[in-house]
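Take a look at the structure below.
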Amino acid sequence: MLSASEKEKIELEHQAAKLFLRLYEKQFNLPMRHIWHNQPSKPDVSCYQGEDKLDIEIAHLYGSEKEAMAILHRELSSETKENLKALLLEPIETRLTKALQRILANKALKHYDSKRVWLVIRNANPFWRNDDIQTLQHHFAMPTPHPFEQVWIIGDMQGHSGLTQIYP
C-alpha cells in the first residue's frame, strides 16, 4: 500500500504530465493521450504521442524550502533541504540557472528501461515565468551522458506562461 506522500507524489506527477500533454498538443497540434504511472525502472508516466509510445520523467523546480514544503504538503529530505538552502545563497540573477542545472544533473544520472524518454520540468516558483526561462535558456547546459530525447519546461504551475523546449 502506498503512503500518503507517495500518493501525493504520483498525483503531482500526473498533474504535471497532463498539463504538459495539453500544452504540447495545443502548441504542435499532435495528439498526446492516455497516461499511466510506471514502476521505478521506467520514467514516471507513459503516454502516446500520436501513435508512438512516449515515457516522461517529471521534475518540479522550486526556489526555496518553504515553497517546496507548501506545494508538497510534507517534510523534505535532508538532501533537498540542503540544496534549496544553498540555492538561497546564490545571487538572485543566477538562482534559476543553478536550480535548473541541479535538476538536469540529478536526472542525467538516471537510467530507464525505455526507448524514448522526455524530461518535463514544471516550474513551481511563482517568481519565475516562461519569459525568464527563455531569457536564460542559453545558460542551461545538458549534462552528458543523459537518457533524454527532449527536455521541456512548463513555465508555471498552471501552464499559463507556456512551454519551452530546452533540449535539444
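Quick rundown of the values:
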{"read-out": "Segment 89-128, accessible surface, carbon-and-sulfur percent (1.4 angstrom probe)", "value": "60"}
{"read-out": "Solvent-accessible heavy-atom area per residue, rounded to whole Å², over segment 94-144 at 1.4 Å", "value": "53"}
{"read-out": "DSSP H segments from the chain that extend 20 Å or more along their own axis, Cα-based, with Kyte-Doolittle mean of -0.5 or above", "value": "92-108"}
{"read-out": "Whichever lysines have a C-alpha closer than 19 Å to that of LYS98, once near sequence neighbours (fewer than 8 apart) are set aside", "value": "LYS66, LYS81, LYS85, LYS107"}
{"read-out": "Two-site FRET efficiency, GLN165 against SER78, from Cβ-Cβ distance with R₀ of 25 Å, rounded to 0.05", "value": "0.15"}
{"read-out": "Rounded to whole Å, sorted largest first: equivalent-ellipsoid semi-axes of the chain, Cα gyration tensor", "value": "24, 19, 16"}
{"read-out": "Using a Förster distance of 30 Å, the FRET efficiency for THR94-ARG33 (Cβ separation, nearest 0.05)", "value": "0.20"}
{"read-out": "Residues LYS110 and ARG22, FRET efficiency given R0 of 22 Å [Cβ-Cβ distance, rounded to 0.05]", "value": "0.30"}
{"read-out": "Cβ-defined net charge surrounding HIS160, 13 Å radius [Lys, Arg +1; Asp, Glu -1]", "value": "+2"}
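The values are calculated or read from the model by the stated rules, or taken from the named source; none is laboratory data. On a predicted model such as this, the values are computed, not experimentally measured, just so you know. Please note: Cβ atoms are built from the backbone with ideal geometry, for glycine as well, and neighbour counts cover all protein chains shown. To get the accessible areas, we keep the full protein, side chains included, count just its heavy atoms, and leave off ligands, DNA and RNA. Shrake-Rupley method; radii C 1.70, N 1.55, O 1.52, S 1.80 Å.
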